[in-house]
1. Provide S542, S253 in ascending order of the number of other Cβ atoms located within 10 Å of each residue's Cβ, fewest first.
2. Taking the Cβ of each residue in R17, R30 as the centre, tally the other Cβ atoms inside 10 Å and list the residues starting with the fewest.
3. Between rounded, prolate and oblate, where does the range 277-352 land on the alpha carbon gyration tensor, with a ≥ b ≥ c its root eigenvalues, rounded for a/c under 1.5, else prolate if a/b exceeds b/c?
4. With the cut-off at 1.5 for a/c, could you classify the chain from its C-alpha gyration tensor as rounded, prolate or oblate?
5. Taking θ as phi - 60°, what are the ³J(HN,Hα) couplings along the range 143-148 by the Karplus curve (6.51, -1.76, 1.60), each to the nearest whole Hz, with x for Gly and Pro?
6. Report relative contact order for the chain in percent, whole number only (criteria: Cα-Cα under 8 Å, sequence separation at least 6).
7. Out of residues 5 or more away from V226 or on other chains, whose amide H comes under 5 Å of its own, with H placed 1.01 Å from N in the peptide plane?
8. Would you kindly derive the ³J(HN,Hα) couplings of the range 53-61 from the backbone phi angles with the Karplus curve 6.51 cos²θ - 1.76 cosθ + 1.60 (θ = phi - 60°), listing them in order in whole Hz, with x for Gly and Pro?
Amino acid sequence: MAAQVSGQIATVMQEKRLFPPTAEFSAHARVKSLDEYQALWENAAADPSAFWAALAREELHWFEPFQETLVWNEPDAQWFVGGKTNVSYNCLDRNIEAGLGDRQAIVWEGEPGDQCTFTYAQLHEEVCKFSNCLKQLGIGKGDVVSIYMPMVPELAIAMLACARIGAIHSVIFAGFSAEAIADRNNDANAKIQLTSDAAWRRGKQLPLKAIVDEALEKSSTVQKCVVLKRVGNEVPMQSGRDFWWHELMESASSDCPAEPLDSETPLFILYTSGSTGKPKGIKHTTAGYNLYVKKSFQWVFDHREDDVFWCTADCGWITGHSYIVYGPLSAGATVVMYEGAPNHPDESRFWQIVEKYKVSIFYTAPTAIRAFIKWGDEHVTKHDLSSLRLLGTVGEGINPEAWMWYHKTIGGERCPIVDTWWQTETGGIMMSPLPGAIATKPGSCTKPLPGIIPEIVDEAGDLVDANQGGWLTISQPWPGMLRGIWGDEERYRDVYWSKVPGKYLAGDNARCDEDDYYWIMGRIDDVLNVSGHRLSTIEIESALVSHPLVAESAAVGRPDDLKGDAVAVFVVLRDADPNDDLRKTLKQHVRKEIGALAQPDDIHFTNALPKTRSGKIMRRLLKDIAAGKETVGDTTTLEDYSVLAKLRSDEE
Ligand code: PRX
C-alpha cells in the first residue's frame with residue numbers, strides 16, 4: 001500500500017473495487033443512473049434557492065406559504081422565511097390526509113420480546129393526547145422538554161408531541177449519568193423531565209428514574225417529571241413533581257390541532273461532544289430540518305411504499321432523530337423500532353427481527369458490523385434475510401473488510417450499501433451513494449447529495465488536488481444545517497465558521513479521488529469516535545481530574561477492532577499509589593461523571609505528561625504509546641525528553 005502525504009494527513013487506502021447497482025435495482029430506483037444523479041446535483045448547484053424552494057412547496061404542508069427561501073447572514077441561516085408549518089403535522093396529519101391512516105408507522109419490539117404496532121392514525125391519536133398532557137403540565141411554545149427514556153414508542157410520541165405544540169425537546173441518551181443529565185438540563189433551561197421507571201438492557205433493569213431523581217436535585221429549572229411505567233418496578237414518586245404517564249393519558253383528549261409554527265421555530269437541541277469539555281447543544285429548527293431529513297431519507301434509502309425500514313440507532317443520537325422519527329415518518333414509511341441489545345437473548349437477535357418483520361432496508365453502525373463478524377456467521381445464516389434489498393452504515397468509516405462481510409453475509413451480494421457521512425450538526429445525510437445511481441467503493445461515502453457542495457481545503461483555505469487529504473468543508477448553506485449552539489453564539493462562529501472563511505468546517509479530514517469519490521479520514525480535533533459516538537478527550541480528562549487523587553490526565557484514542565477508538569488515559573496521581581484498585585475506582589468515576597460509554601479501557605499511571613514548551617500535551621506521542629507503537633516524527637518541542645522514556649518503561 002502506498003501512502004500519500006499532504007501536510008500531516010497521510011492516506012494509505014488504495015481501494016479499487018467498484019460495485020455498481022444491479023440493472024434491476026436501478027430500474028426501480030428513484031434516481032436510476034449516474035447521469036440522472038449528476039443532472040439533479042448540477043441543477044441544485046446552479047440555483048440552490050430555487051431547488052430547495054420547489055421541494056419545500058412539494059414536500060411539506062404550509063399553513064402559510066414562505067416568502068423568502070433563504071436569508072443568509074453568515075453564519076446565521078434562515079430558511080423558508082415567513083412560512084408556517086409543523087413537523088408533527090407533516091409526519092402524521094399530512095400522511096393521514098393522503099390516505100395512509102391505516103399504514104403501519106411504528107412496529108416496535110421490546111427487549112423481552114413484547115411487541116406493538118402503531119398505524120399512522122393510532123400514532124396521531126397518541127401524539128395528540130400526549131401533547132395535551134404536556135399542555136396541562138404548563139408546557140407550551142419555546143419550553144424545553146428533557147427526555148431520558150428507553151427506546152419505546154412513547155419516546156417517539158413524546159418527541160412528536162413537543163413538535164406539535166412548539167416545545168423544544170432535548171433527548172439525552174439513556175446511558176448518560178445523572179451528572180451529564182443535570183449539565184444538559186441546566187444548559188438548556190429545561191422545564192420538564194420525561195423518563196421511565198427503568199429500562200431493559202441485556203435482561204437487566206437500568207434504573208432510569210433513580211438516575212433522574214439524582215439529576216433533578218441539581219437541575220434547578222426542572223419543575224415536573226413524567227414517568228412512563230416500562231418495567232413495572234417500584235419507584236418513589238415525589239408528590240407535586242412526579243406524574244405517571246398512564247394516569248395523565250387516561251383523561252387526555254385526543255383533539256390537539258398542530259400549532260402553525262414559523263419556519264425557524266426551534267425543534268430540538270441535541271448535545272454532542274466538541275473539543276472542549278462542555279458539550280455543545282446543537283440547535284435544529286422546524287421547516288429546513290424537516291425538508292432535509294425527508295428528502296435525504298427518500299434519496300439515500302430509495303424509499304418505496306412497501307419498504308420496512310429499520311435503523312438500529314437510539315433516539316438519543318441524531319441518527320434516531322432524523323432516520324427513526326422525522327425523516328421516515330414524514331415520508332410515510334413503516335419503521336421498525338427495537339428496544340434492546342443486539343446480543344440479547346443471543347447474538348442472532350437482529351437477524352431474527354429482520355426475518356420476523358421482513359425488513360427491507362437495514363441501517364446500522366460499523367461498530368455493530370464488527371461485533372457481528374466477531375460473533376460468527378452462524379447467527380446470521382440460520383435466518384432468512386431475503387427481504388433485505390438495501391443496507392446502510394453511519395457513524396464512522398467502515399473498513400473494506402467489514403464492508404465486504406456486510407455485502408456478502410448480510411446483503412447476499414445483492415443489496416447495495418449506502419455508507420452515509422453526516423453529523424449531528426448537518427441534521428441529515430450529506431454524502432452517500434444514491435443506491436440506484438452511484439456505484440460503491442468499499443470505505444467511501446462516495447458523493448454529495450443534491451444541494452450539498454463539499455470542498456476539501458488546506459489550512460490556508462485553498463482547494464487541494466485530487467487524492468490530497470485536507471479539511472472537509474461545505475461551501476453553501478443547506479436547509480438541514482444547525483442553526484447554532486444553544487446559548488453560545490460565539491462558540492458556533494468559532495468552531496464552524498472562523499477557520500475557513502465563508503465555509504462550514506465539518507471537523508473531519510477527507511480526500512476526494514480521481515472519480516470524485518469522497519473518503520473520510522477521521523477528525524481534525526480532539527474528538528474520539530467510540531462505537532460511533534462522539535466523545536471529547538477533554539470531557540474525559542475533566543472527569544478524571546475531578547477525582548481527588550488525580551492531579552493531571554490526558555485521554556487519547558487507541559485503535560480498537562470493535563469500538564473504533566478505545567479510550568486510553570494517562571493519569572498523574574497526587575499522592576497515591578498506582579494500583580489496580582485505583583484503576584477500577586477511576587473507571588467507575590468516569591462512568592459516574594459521564595456515562596458508561598466514556599469509561600476508559602486502559603489507564604496508564606505516569607509521573608508526568610509529555611508537553612511542548614508552551615505547555616500543550618503532546619497527544620500524538622501518547623497515541624503512539626497507547627497503541628503500542630514506536631514514536632515517529634518530531635519530538636524536538638518536547639519539554640522534557642525523560643518523560644517519554646519514563647512512559648515507555650512504565651509500559652514494559
Ligand atoms: O467523524 C465523522 C463521523 O462521525 C462524526 C459525526 O458524529 P455525530 O455527530 O455523533 O453523528 C454520527 C451520526 C451521523 C463525523 O464528523 N462519521 C459519521 N458518519 C461517517 C463518519 N466517518 C466516516 N464515514 C461515515 N459514514
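Laboratory data are not the source of any read-out in this text; all were calculated from the coordinates shown. Predicted model only: the values in this text are computed from it and were never measured. We place every Cβ from the backbone using ideal geometry, glycine too, and count neighbours over all the protein chains shown.
1. Least to most surrounded, the residues fall as S253, S542.
2. The most exposed by this proxy come first: R17, R30.
3. Details: a/c = 3.04, a/b = 1.20, b/c = 2.54.
It comes out oblate by the Cα gyration axes.
4. On the way: a/c = 1.44, a/b = 1.16, b/c = 1.24.
Because its axes are fairly even, with a/c under 1.5, the chain counts as rounded.
5. 6, 9, 10, 8, 10, 9
6. Numbers: 1409 pairs, mean separation 89.5, N = 652.
So the answer I get is 14 percent.
7. Distant-sequence amide H within range of V226: Q193, L194, T195, F243.
8. After applying 6.51 cos²θ - 1.76 cosθ + 1.60, I find 4, 4, 5, 4, 5, 6, 9, 10, 8 Hz.
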